[in-house]
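The values are calculated or read from the model by the stated rules, or taken from the named source; none is laboratory data. Computed from a predicted structure; not experimentally measured. Note that we place each Cβ from the backbone using ideal geometry, even for glycine, and neighbour counts take in every protein chain shown.
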Amino acid sequence: MENLKNLVNIIIIIPLLGVFFTSLSREDNKSRLSNAFCVGVFTILSNLIVLWRAALQINIGKDSWQVVEKFNWMENPKIELVFGIDVFSLMLIAAVHIAVLLGMIGIRRNTYRQKALIVFALMFLSLISGYFLASDFFSFYIFFEALLLPLFMMIGIFGDIKKQQILYRFFLYNLLGAVFLFVALMALYNHQNVSIREVSQIVLSGHGEVLVWGSIFIAFLSRIPIWPFHYWISSVSVNISNPLVFMVANIIPLTGVYGLIRFFPVNAPEVLRPYLLILEIISIVTMLLISLIGITKKDIQYKIFAYMTVYYIMYLLGALLPTDALLMNIGFSLFSYLIIVAALEVMVAHIDNQRQSGEISDCGILCSIRRSSVVFSFLILAAIGMPLSSMFLNNMVILSGLMKFNIKMAVCILLAMVLSAIGLLQHLFYLKYPPEKDEMSLNFKENEIEDISMRVFGVMIMTAALLVLSFINPLWFIG
Amino acid sequence: MIVKYIALLPEIILILGIGLLAMVRIFRSANTQKTFYTISKWTLILTIAATVIFYNRNVGEFWQNNNYTTLFKICIYLLSIGWGVLSLKRFQNKEYISFWYYFLILINLLCFAIALSYSSLLLLAMMLTFCQIFNFFLLRLDVEEDEMSCSWKYLLLSMSFCLLLWVGVFILWHLTGSFDYMAIKNYLSNPEHLNKQISLAFVLITIFFLFALGVAPFHFWYANVVSCVILPVAGYLTFIPTLVYFSIFVNLMNNVLAPLYGTYENAILFFGVLSVFMGAIGANSEDNLRKIFAYAGLYYIGVVIIAAADMQDQSLQGAFIYLFVYILAFFGVYTVFAGCRSKGDYLHNLDEVRGLSTQRPLLSATLLVLMISLIGTPPLVGFLGKLSVINALVVSNHYGLMAVVAFSVLILACVYLRVITAVYFEPRNINFDRVDKEVYICIAINVILIVMTVLNPKYLMHDVEMMLNVNL
């Protein structure tokens with residue numbers, strides 16, 4: 001346990017050290033890969049090794065949060081920051097690290113302010129790791145709000161947002177959510193810090209109950225693209241062409257889902273029950289609408305966004321069921337889901353680059369780039385739930401859990417998932433099979449289109465292997 | 001005999017320093033801008049040393065030195081030294097004689113020190129009136145002819161409010177027969193003595209302090225004054241008077257006018273809430289950077305007033321922590337302003353700092369961190385201030401005010417987002433001058449202070465708690 005204690009701190013500190021060294025790194029235009037990029041990749045790989053060491057220390061059989069570190073921060077008000085770990089949080093941290101690593105590989109050739117991008121990406125990694133490791137209400141809130149800074153800067157500088165109003169709304173929506181959480185925190189706090197796992201057991205009276213639980217719910221829902229909070233993320237996501245920024249922006253809904261899972265692991269508070277039905281209806285309508293829009297849109301970014309939204313809402317509804325039996329399934333599924341989407345984004349960015357540089361249509365483009373075709377097809381099939389990753393079995397378990405409690409809701413969710421899968425397959429078909437009359441797409445010359453390099457292909461093969469391993473045994477890395 | 005008056009040594013050093021400055025100006029011909037800065041710096045360093053050594057020595061019943069006065073004195077002296085370094089560069093670049101600036105600053109500091117320590121309303125009113133007059137001269141330093149009207153307006157306004165202060169003080173003297181704090185407090189502690197005249201005196205004195213602090217609706221002068229004066233004066237007016245006036249205000253309300261305060265607590269709260277909204281909305285309507293931060297300052301002072309409104313231990317602790325944090329952050333912001341120059345001119349408008357991050361990444365990063373901190377985002381130092389204030393409001397069951405403070409920051413955040421957008425997301429259209437090393441040194445010190453406070457906020461909390469325990 002002593003080792004684990006040190007490792008938990010290190011998981012947060014390593015990316016911060018990476019931020020420091022990346023900031024100091026010198027811009028080098030001569031070499032193919034910049035110093036900042038190398039420092040970034042090295043930092044993430046180092047932290048993945050630490051995560052693996054931490055995984056070996058965790059007692060898998062122990063069905064509880066393992067609190068490993070306390071830090072007395074303030075005396076008045078008395079605040080003790082507590083960090084802990086379990087398999088669920090460990091898997092999410094690992095998945096986010098791998099997703100960001102893949103995102104970095106996607107931007108390795110981008111020279112525009114790459115150093116700043118990597119600095120903010122590493123800062124984001126540190127903060128999100130802290131968020132997943134936070135064990136008390138205060139540290140949870142600190143990381144919840146602090147995440148906004150790197151996110152805002154990344155989207156602002158690299159998000160290709162034409163209208164500043166969109167950017168402002170994004171920040172203000174999220175800040176509003178954080179303010180709600182802060183209000184709930186201060187109302188609950190009452191001079192004693194509370195563990196987040198005990199929050200739902202606190203007995204409150206009358207209006208206080210509605211205020212506190214309502215604020216917490218609004219805070220987390222503000223991060224999930226459910227109506228009326230969907231606007232910011234949809235307007236931000238569709239503009240982003242940078243795979244790393246897209247990935248980071250789309251990890252934010254995960255913080256909302258994770259927050260609800262941690263705060264209300266078994267049951268939502270009684271006072272919110274009447275509102276839960278409304279939330280479920282809104283969620284399902286959002287899922288169905290967004291998946292339908294995904295089919296109608298030609299833009300792959302929107303299709304991926306629609307797909308991600310549908311799955312996030314499915315995880316949310318699974319988390320809100322009056323049981324904690326699905327927790328690990330959600331964790332295993334999320335692990336593959338994040339990696340698949342990140343890898344998919346790298347491929348989409350590559351195809352988009354080829355399309356733009358060759359000034360050609362991307363219809364049928366995969367016929368000319370075989371390695372990309374193999375990887376892209378694998379990822380789309382894994383994303384829609386084929387037995388290629390841990391999503392396959394675990395999504396089935398989550399859906400069966402949803403069916404057990406509310407069959408109508410489960411059918412609607414299944415329908416939305418099918419629709420989002422159709423959207424992705426539609427695009428795969430578009431990229432692989434050009435219509436015969438489309439002269440533009442038939443005129444590809446082999447030289448004009450560049451396939452992914454062997455190195456990137458190797459990384460993608462390793463990613464695919466990781467996904468398959470997670471299908472065979474989700475906890476393979478623990479042994 | 002000398003030992004009896006040793007507590008006055010810091011103020012004597014200040015007087016000697018002022019005298020030396022004047023003598024050098026009169027009798028020495030080969031003076032540079034640095035000459036006056038050096039004399040002022042060493043005067044202040046010696047004053048700080050004497051203040052620390054004799055931090056708890058008193059002279060009779062009138063001259064009180066304690067943790068409370070010492071902390072504020074040290075803060076204003078340190079801020080003056082820091083800001084003096086950055087101001088020097090301005091005078092050197094413009095080849096403008098720095099004598100009047102440092103001379104007036106030292107005199108102002110002397111007046112503030114006397115006002116802080118001397119327990120007499122007469123001397124308090126005199127010193128604060130002098131400060132307002134000296135501010136008038138400060139405002140006129142090296143400004144264009146067409147902007148002189150700003151200083152005259154300020155003089156007219158400040159003298160009007162000083163008149164209110166004097167009327168209030170003389171009403172109290174007329175009724176109590178004394179200017180002494182303790183005598184007035186004893187007189188007011190008898191409920192039978194509380195009448196309309198006393199209330200009028202309280203209101204007049206309070207209005208003066210609200211004006212001096214720039215609290216809404218008496219804030220109308222502040223943003224204009226700060227935007228039309230030279231940067232050294234704008235910076236000075238932002239940090240030093242705010243600290244001093246608020247500390248004197250709290251001292252008066254707790255130790256002299258406490259029996260009356262409860263009646264007007266809601267009115268003070270109203271002014272606080274008004275300042276919060278006027279500040280947040282006003283900042284959004286401006287494009288001038290100094291005006292933006294002047295209105296932001298109005299917002300912060302509003303929060304401080306709200307937090308301190310009930311004058312309880314916890315509330316005052318929250319208010320003072322917030323005040324220190326906000327002054328520290330504003331010092332950093334003004335340091336960045338001192339580094340933002342193009343062709344030798346300081347930049348005023350939002351349009352002018354577009355793309356600053358591409359050429360001056362360190363300055364931009366500092367501004368970014370400070371603004372995010374000022375929104376109260378954890379784990380930055382602004383969060384400590386926000387936490388202290390909100391905690392104080394929760395403890396005193398002011399949930400409505402807690403919501404006002406927590407949610408109004410969203411309005412203020414909009415203007416900071418505009419600044420961040422200009423600095424980071426927009427293309428650069430001018431070349432920025434090389435940044436002086438003094439600016440980087442001040443930024444480094446500011447960052448070290450912030451990091452130390454964030455990592456171990458117990459020191460800040462503990463110091464403020466000790467300060468309040470002794471005096472209030």
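I need every pair where a residue in segment B:81-92 that is at pLDDT below 90 has its Cβ under 6 Å from the Cβ of a residue that is buried (at least 23 other Cβ atoms within 10 Å of the Cβ) and not in a helix (DSSP H, G or I), sequence separation at least 6 or different chains.
Sorted first by the residue in segment B:81-92, then by its partner, the pairs are B:Phe91/B:Ser98.
Do we find that B:Ser315 is within 11 Å of chain A (Cβ to nearest Cβ), of a type in the set (S, T, N, Q) and in contact (Cβ under 8 Å) with a residue 60 or more places away in the chain in this structure?
In short, no.
Within segment B:141-176, track down each residue that is at pLDDT below 90, among the hydroxyl-bearing types (Ser, Thr, Tyr) and loosely packed, with under 13 Cβ neighbours inside 10 Å.
Listed by number, the list holds a single entry, B:Ser149.
Mind listing whichever residues of segment B:396-417 are touching a residue at least 12 places away in the same chain (Cβ under 8 Å), facing chain A (nearest Cβ under 8 Å) and under 30 Å from B:Arg354 (Cβ atoms)?
B:Val409, B:Ala413, B:Cys414, listed by residue number.
Any idea how many residues of segment A:64-81 are in a strand (DSSP E or B), more than 14 Å from chain B (Cβ to nearest Cβ) and surrounded by fewer than 22 Cβ atoms within 10 Å (Cβ to Cβ)?
Total meeting the criteria: 4.
Suppose the filter is buried (at least 21 other Cβ atoms within 10 Å of the Cβ) and within 28 Å of A:Val183 (Cβ to Cβ); does B:Ile420 pass it?
yes
Of the residues that make up segment B:331-339, is at least one within 13 Å of chain A (Cβ to nearest Cβ), over 26 Å from B:Tyr68 (Cα atoms), in contact (Cβ under 8 Å) with a residue 60 or more places away in the chain and of a type in the set (Ser, Thr, Tyr)?
No: segment B:331-339 contains no residue that is within 13 Å of chain A (Cβ to nearest Cβ), over 26 Å from B:Tyr68 (Cα atoms), in contact (Cβ under 8 Å) with a residue 60 or more places away in the chain and of a type in the set (Ser, Thr, Tyr).
Quick check on this structure: which one of B:Phe320, B:Phe324, B:Phe337 is part of a helix (DSSP H, G or I) and under 30 Å from B:Arg428 (Cα atoms)?
Answer to the check: B:Phe337.
Would you say B:Leu374 is closer than 26 Å to A:Ala187 by Cβ and more than 11 Å from chain A (Cβ to nearest Cβ)?
Considered against the rule, which asks whether it is closer than 26 Å to A:Ala187 by Cβ and more than 11 Å from chain A (Cβ to nearest Cβ), B:Leu374 comes out as yes.
If you check B:Leu393, B:Leu368, B:Leu384, which single one turns out to be of a type in the set (A, V, I, L, M), within 12 Å of another protein chain (Cβ to nearest Cβ), under 26 Å from A:Asn174 (Cα atoms) and touching a Leu at 6+ places or on another chain (Cβ under 6 Å)?
From the options B:Leu393, B:Leu368, B:Leu384, the qualifying one is B:Leu393.
I'm told B:Ile97 meets every condition in (1) hydrophobic (A, V, I, L, M, F, W, C); (2) over 18 Å from B:Gly19 (Cβ atoms); (3) assigned to a helix (DSSP H, G or I) except one. Can you identify the failing condition by its number?
Failing condition for B:Ile97: (3).
Quick one: in segment B:262-291, which of the residues that are in a helix (DSSP H, G or I) and among the small types (Gly, Ala, Ser) is modelled with the lowest pLDDT?
So, considering only residues that are in a helix (DSSP H, G or I) and among the small types (Gly, Ala, Ser), the one modelled with the lowest pLDDT is B:Gly262.
Run down B:Leu156, B:Leu194, B:Leu104 and say which single residue is touching a Phe, Trp or Tyr at 6+ places or on another chain (Cβ under 9 Å) and hydrophobic (A, V, I, L, M, F, W, C).
When all the criteria are applied, what remains is B:Leu104.
Find the residue count for segment B:270-291, including only residues that are over 24 Å from B:Cys131 (Cβ atoms) and buried (at least 19 other Cβ atoms within 10 Å of the Cβ).
8
Mind listing whichever residues of segment B:345-365 are under 20 Å from B:Val415 (Cα atoms) and away from chain A (no Cβ under 11 Å)?
If the condition is that a residue be under 20 Å from B:Val415 (Cα atoms) and away from chain A (no Cβ under 11 Å), then B:Leu347, B:His348, B:Asn349, B:Leu350, B:Asp351, B:Glu352, B:Val353, B:Arg354, B:Gly355, B:Leu356, B:Leu363 are the ones that fit.
Could you say which residue among B:Leu71, B:Leu8 is more than 21 Å from the chain's Cα centre (by Cα), in a helix (DSSP H, G or I) and modelled with pLDDT under 90?
Of B:Leu71, B:Leu8, the one residue that is more than 21 Å from the chain's Cα centre (by Cα), in a helix (DSSP H, G or I) and modelled with pLDDT under 90 is B:Leu8.
Would you mind stating whether B:Ala294 is at pLDDT 90 or above and surrounded by fewer than 24 Cβ atoms within 10 Å (Cβ to Cβ)?
No, not satisfied.
Would you please name the residue that is surrounded by the most Cβ atoms within 10 Å (Cβ to Cβ), looking only at residues in segment B:20-35 that are of a type in the set (Lys, Arg) and assigned to a helix (DSSP H, G or I)?
Only one residue tops the list, namely B:Arg25.
Let's see how each residue does on (1) in contact (Cβ under 8 Å) with a residue 24 or more places away in the chain; (2) among the aliphatic types (A, V, I, L, M):
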| site | (1), (2) |
| --- | --- |
| A:Phe124 | yes, no |
| A:Phe152 | no, no |
| A:Val183 | yes, yes |
| A:Tyr189 | yes, no |
| A:Phe217 | yes, no |
